[in-house]
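Asker: Once you've had a glance at the structure underneath, I'll fire off some questions.
Nothing in this text is a laboratory measurement; each read-out follows from the coordinates by a stated rule. Everything quoted here is computed from the prediction, not taken from an experiment. Note that we place each Cβ from the backbone using ideal geometry, even for glycine, and neighbour counts take in every protein chain shown.
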Amino acid sequence: MNTLDLIEGETAIAKSLGELNGQAQHCKRCDLYKHATQTVFGEGPEQADVILVGEQPGDREDILGRPFVGPAGAILNASLIMAGIDRDRCYITNTVKHFKFTQRGKRRLHSKPNAGEIQRCSWWLRSEIKLIAPKIIVALGGTAAAHLRGKTVRITKDRGMIFHPEKLPPVLVTIHPSYILRIRDRTAANAERMKFVQDLNQIKQVLT
Ligand code: URA
């Protein structure tokens, strides 16, 4: 069963993304708001055909209050351009809307959200999907993919595939752009980036 189905009927009551975002700024559905700077809500047009879903905001996103504006965002932007997709026509959001981190000296290191945090935050993602009603959702990485699909996802095996979860638009699974950042070898990183662009290219088939 899809994890999103478990809370069928449970979405925020909001007529627009702006109203929804306003509500999310006060979210205390889990404890992550206590240490994060702010809620990082999704951004993009309400009529978007595509929603891109990451895991959670990073350090930069937490400070600026916008999704995918740090190093992973730079990879995403460049890859979207290479795939001929206009970022401004996509709605970009995260599975979890607060930055979860562990403090190491002055650095704040990314820490994975747990199942409870993901499930509680699903309220906002569901509400975004409901308001936008996109033609396709792109799950960037394992956290988004597993949550949207409702099953464990093996990114290496399932990437590039489009799933049809019940009561959701089709979900294209691909890697998280930060994966490319972690590859040390430049040739391997470039090859991975080309595969990411190929995955993103599939969005166009759904849109045309
Ligand atoms: N990684 C994510 O998953 N989302 C962001 O917004 C930034 C980095």
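Asker: Output the antiparallel fraction of DSSP beta bridges having both residues in region 26-185, as a percent to the nearest 5.
Answerer: On the way: 7 of 20 bridges.
In region 26-185, DSSP labels about 35 percent of beta bridges as antiparallel.
Asker: Taking Cα pairs under 8 Å and at least six residues apart, what relative contact order does the chain come out at, in percent? Mind showing how you got there, number by number?
Answerer: Working: 374 pairs, mean separation 52.2, N = 208.
Dividing the mean separation by the residue count of the chain yields 25 percent.
Asker: Still on this model: Using a Gaussian network model of the chain with C-alpha springs under 10 Å, which one of Glu43, Glu128, Glu55 is most mobile by mean-square fluctuation?
Answerer: Looking only at Glu43, Glu128, Glu55, the largest GNM fluctuation is found for Glu43.
Asker: Sticking with this one: Identify which of Glu46, Glu166, Glu117 has the largest mean-square fluctuation in a Gaussian network model of the chain, with springs joining Cα atoms closer than 10 Å.
Answerer: Of Glu46, Glu166, Glu117, the Gaussian network model singles out Glu166 as fluctuating most.
Asker: About its Cα centre, what dipole magnitude does region 3-207 give when the only charges are +1 on Lys and Arg Cβ and -1 on Asp and Glu Cβ, stated in debye to the nearest 20?
Answerer: It works out to roughly 720 debye.
Asker: Same structure again: Please list, or write none, the lysines whose alpha carbon is within less than 19 Å of the alpha carbon of Lys130, excluding same-chain residues fewer than 8 places away.
Answerer: Partners found: Lys15, Lys97, Lys167.
Asker: Can you tell which of Val173, Val69, Val96 shows the greatest fluctuation in a Gaussian network model of the chain with Cα springs below 10 Å?
Answerer: Most flexible of the set in this elastic network: Val69.
Asker: A further question on this structure: If I take R0 = 22 Å and measure r between the Cβ atoms of Asp86 and Lys195 in this structure, what FRET efficiency does the formula 1/(1 + (r/R0)^6) give, to the nearest 0.05?
Answerer: Between Asp86 and Lys195 the formula returns 0.55.
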